[in-house]
Amino acid sequence: MPVLPPAPFPLSRPRRLRRTPALRDLVREDRLSVDDLIWPLFVCDGAGVTQEVASMPGVIRRSVDLIVEAAEEAAGLGIPAICLFPYTDRALKTDGCEEAWNPDNLSNRAIRAVKAAVPDIAVMTDVALDPYNAQGHDGIVRDGEIVNDESVAALVKMALAQAEAGADILGPSDMMDGRIGAMRAALEDAGHTGVTIMSYAAKYASAFYGPFRDAVGASGALTGDKKTYQIDPLNGDEGLRCVARDLAEGADMVMVKPGLPYLDLCRRVKDAFAVPTFAYQVSGEYAMIRAAAANGWIDGEAVMMESLMAFRRAGCDGVLTYFAPDAARRLRAG
């Protein structure tokens, strides 16, 4: 829609609508709500265990019993969904990634525990092999190559195990070709017709992921980089093609990752496809805001909220963010 030019000054004075809080509220174009938030949580072994993630101040790994408490906290704050990521024991990491589809692995135990205690909260999972891979990659490595089709077969088994454990949303973050269609077909065949897929459809080979890899224990294991399967940061059109492919294969929702450095992609995806569109405010984005706030260089709470508002303005329907509980408390307080 073309934007009409405003009347000339002084007939047009845009500051009139900024004069009072009531007027600003009345004409605000976008809204940020607790309903827009998904809280990523890291799961570790044990009972009553918390482990700090040094590169992500304020973020901790939690044992399954404390993940349940976090889910209860989220539900109490009105956060509609949590997303689970496992911190897997090194002894369980193999070249074949078999722990990924173990019905009793950390993620699947946490899914069952949360759904038993907080049935109304949506549980999202990560579908990728890096937490279980001895070489730290999202797919299986053969002779130095991340092999696509063998990885997809493994990812399908992982997705089915998570669906059987009670996951509401599967989040394939691996960026293997054809994995959405394979997962959707397998879910339908197994009777999991109501399980939704939020595809990491436009996931870029970004330097912003470093702290996350610390959080899931993949950074020390990673050999090489992920540039043969994650998208080149300069390729916006390729991101749109990947979104179109995943939607055609049966994705219900799509995600752009990282978040703030890729807001242009968020807007392009929403405008082009008009489907539920999400972004992941990734670990590096979170860590930078926390570090700058800790040094007194920025107002951390104000920047937190402004950064989340940017996702809504860019067309996102929601955002995965480690700030979720803090932002929810701020939003509930008005």
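For the chain, the number of Lys pairs with C-alpha atoms closer than 17 Å, counting only pairs eight or more positions apart or on separate chains, is 8. Computed on the chain, with alpha-carbon pairs under 8 angstrom and 6+ residues apart, the relative contact order is 18 percent. For the chain, the 222 nm mean residue ellipticity estimated from helices alone, with every DSSP H stretch of n ≥ 4 adding -39500 (n - 2.57) and the total spread over all residues, rounds to -12000 deg cm²/dmol. Modelled spin labels at GLU306 and ALA205, positioned 7 Å past Cα toward Cβ, are 3.3 nm from each other.
Going through (1) 134; (2) 152; (3) 217, the figure that equals volume of the Cα convex hull per residue in Å³ as computed for the structure here is (2). Dipole magnitude for the chain: about 1720 debye, using +1 per Lys or Arg Cβ and -1 per Asp or Glu Cβ, origin at the Cα centre.
Once the Cα-Cα distance is subtracted from the 0.36 nm per residue extended length, the ASP95 to VAL147 segment shows a gain of 17.5 nm.
The DSSP beta bridges internal to the chain are antiparallel in roughly 15% of cases.
Ordering 26-33, 223-230 by mean Cβ neighbour count within 10 Å, with the highest value first, yields 223-230, 26-33. Modelled label positions at PHE273 and ASP65, each set 7 Å beyond Cα in the direction of Cβ, lie 4.2 nm from each other. A dipole drawn for the range 32-333 from +1 and -1 charges on Cβ atoms has a positive end, and of CYS83, GLY210, ALA294 the residue lying farthest that way is ALA294. Distance from the C-alpha centroid of the range 110-185 to that of the range 50-100: 15 Å, rounded to the whole angstrom.
The label-point distance for ARG18 and ALA117, in a model that sets each label 7 Å from Cα toward Cβ, rounds to 4.7 nm.
Read the figures in this text as sums done on the coordinates, not as results from a lab. Bear in mind the structure is a predicted one, so any value in this text is a computation, not a measurement. Backbone-built Cβ (ideal geometry, glycine too); neighbour counts: all protein chains shown.
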